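Notes to accompany the following structure.
The values are calculated or read from the model by the stated rules, or taken from the named source; none is laboratory data. Since we're looking at a predicted model, the values are computed, not measured. All Cβ positions, glycine included, derive from the backbone under ideal geometry; neighbour counts span all protein chains shown. To get the accessible areas, we keep the full protein, side chains included, count just its heavy atoms, and leave off ligands, DNA and RNA. Shrake-Rupley method; radii C 1.70, N 1.55, O 1.52, S 1.80 Å.
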Amino acid sequence: MRKLFALIALAAAVFTACEGDNEVNYDNLKIKLSSDSVMSFGVDGGEGVITYEFEEISDATRAKMKYPATEAATAVNWITDLKVNAHSLEVTFNVAANEGGNREATIKVWSGDHSFMVMVKQEGLISADVNFNASYVGGTFYGKSIDGEKQTEGFNYFVILSDTQPESINTVPQYATEYRFDIYADKSAEFNSELRIPVGTYTLDHQRTGRVGTIDAHMDCSYYYSSSNVATAFKTGTLTVTEESIVADITLLNGETHRVVYNGEPVMCDYSQPTYADVYPVSQYTSTVEFDVTGGYMYAYFRGDWFGTGNDVWFMHMIETKAGFSGVYMLFNFIVPKSAGGYSNKTGFVGEYKLSDPTQSLDYTFPAGRLRDDSTQLNAWYLYCVNGQIDMSKAAPIKDGTIKVESVDGDTVITVDGIDDAGNDIKGTFRGIVNEMVDQSQY
């Protein structure tokens, strides 16, 4: 028995020694801010220090752990020398002297999949000509867009700051003052229950690149609308979004400077007037819709991570008769895993799809068909065209069901067993050849 106890004691000693020699590596700990979330500087600027920590761990583990890589970034050039000290868990930076007006920006700090934001505020020598407090934030999420064969890097949000609840995309309430911004963010809202504007700093971009962190400078996209019904475009501007506020510093084309402040969560409210997105149901059918198309003309566009979910997307649309562009017309966004091979796999869209559920894997799913505020049909639709024109009396968004895509003897066969927004079955087969295939995943 004494020998057994000795062996047990020896094993415990060996285990303790091995544990002490090993370096603990946590690759995806949750990083969290331990200093102030808002840092203020005077006109002269100065040095700033952000401190951070990782999720609760014991002192014994902390002493021997290897921290994951931490990074920091900002979108403005007046915050310089941004450095991460992984040993002391600090981010240091310098704020330049400010000869202009009051300004704000954010610093993003991240490690793995987790991040936090710090707001940096600085006083200025010059005050704005106009200070405006917005009571409402409204707008629309458009997502990515395509120009030729390339897509925008950022996800497009149309943001309205106003003293009156925004009325619609195309109209402004009488006597209202609105500031409108077409911004490009790093996050999508396709599967979100609320339209929350992503935190960050956005800068006016006269090149209209669609890059993350920019504001489209085109006058039709970003402008000031006065209470006297006069629209004026921006010359320069920034829009800073935090979890608790939105601040815009703008210079108009006439040289006038404006500071716009909205205090509250950056969640866009509904328009006061109904839009196309509010139409329900869109489908005017009252019974099952059946179709059987052979010899159809099909298009397939590979769009990569179109929804910002880490999956790939194939956008496919198809017409029964190419000449005159008439007959049954259908469109789908098919979400597939990265392992499907991307554009190099020319049949990467083949599979069996069900309705997307953001709480589960999105592999081999399709988002529900819907109308955007501007009437664009998105995601999954049964439609009918006459000479290139969609007959909306025969339009039905597919809201549920299954879609099977197969390759059969050189043809692509799509079998739909769906349900529209009025509860009607949408059933049928569309068979044809993919005549046009384009890689639109680059930007």
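Brief remarks follow.
- Elements of the type strands (runs of 3 or more DSSP E) sitting completely within the range 213-326 and holding at least 3 residues that are of a type in the set (Ser, Thr, Tyr) and in contact with a Lys or Arg (Cβ under 9 Å, 6 or more places away or on another chain): these cover 223-225.
- Filter result for Ser162 (polar (S, T, N, Q), at pLDDT 95 or above and more than 25 Å from Val109 (Cα to Cα)): yes
- Taken over the range 118-146, residues that are assigned to a strand (DSSP E or B), open to solvent by 20 Å² or more (accessible area, probe 1.4 Å) and modelled with pLDDT of 95 or more amount to 2.
- Output for the range 202-232, where each listed residue is of a type in the set (A, V, I, L, M), under 21 Å from Phe132 (Cβ atoms) and open to solvent by 10 Å² or more (accessible area, probe 1.4 Å): Leu204, Ala217, Met219, Val230, Ala231
- Answer from Thr415, Thr402, Thr429 - the residue that is more than 27 Å from Phe155 (Cβ to Cβ), free of Cβ contacts under 8 Å to residues at least 24 places away in the same chain and of a type in the set (S, T, N, Q): Thr415
- Residue within the range 147-154 that is surrounded by 18 or more Cβ atoms within 10 Å (Cβ to Cβ), farther than 18 Å from Thr376 by Cβ and β-branched (Val, Ile, Thr) present: no
- Residue among Glu194, Glu265, Glu190 that alone is under 22 Å from the mean Cα position of the chain (by Cα), open to solvent by less than 50 Å² (accessible area, probe 1.4 Å) and farther than 23 Å from Ile79 by Cβ: Glu190
- Filtering the range 206-241 to residues that are at pLDDT below 95 and acidic (Asp, Glu) leaves only Asp220.
- Qualifying residue in the range 138-151 (condition: of a type in the set (A, V, I, L, M, F, W, C) and under 30 Å from Phe302 (Cα atoms)): yes
Let's see how each residue does on (1) modelled with pLDDT of 95 or more; (2) open to solvent by less than 70 Å² (accessible area, probe 1.4 Å); (3) aliphatic (A, V, I, L, M); (4) more than 24 Å from Tyr280 (Cα to Cα):
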| site | (1), (2), (3), (4) |
| --- | --- |
| Glu320 | yes, yes, no, yes |
| Phe325 | yes, yes, no, yes |
| Leu355 | yes, yes, yes, no |
| Asp373 | no, yes, no, no |
| Cys385 | yes, yes, no, no |
| Ala395 | yes, yes, yes, no |
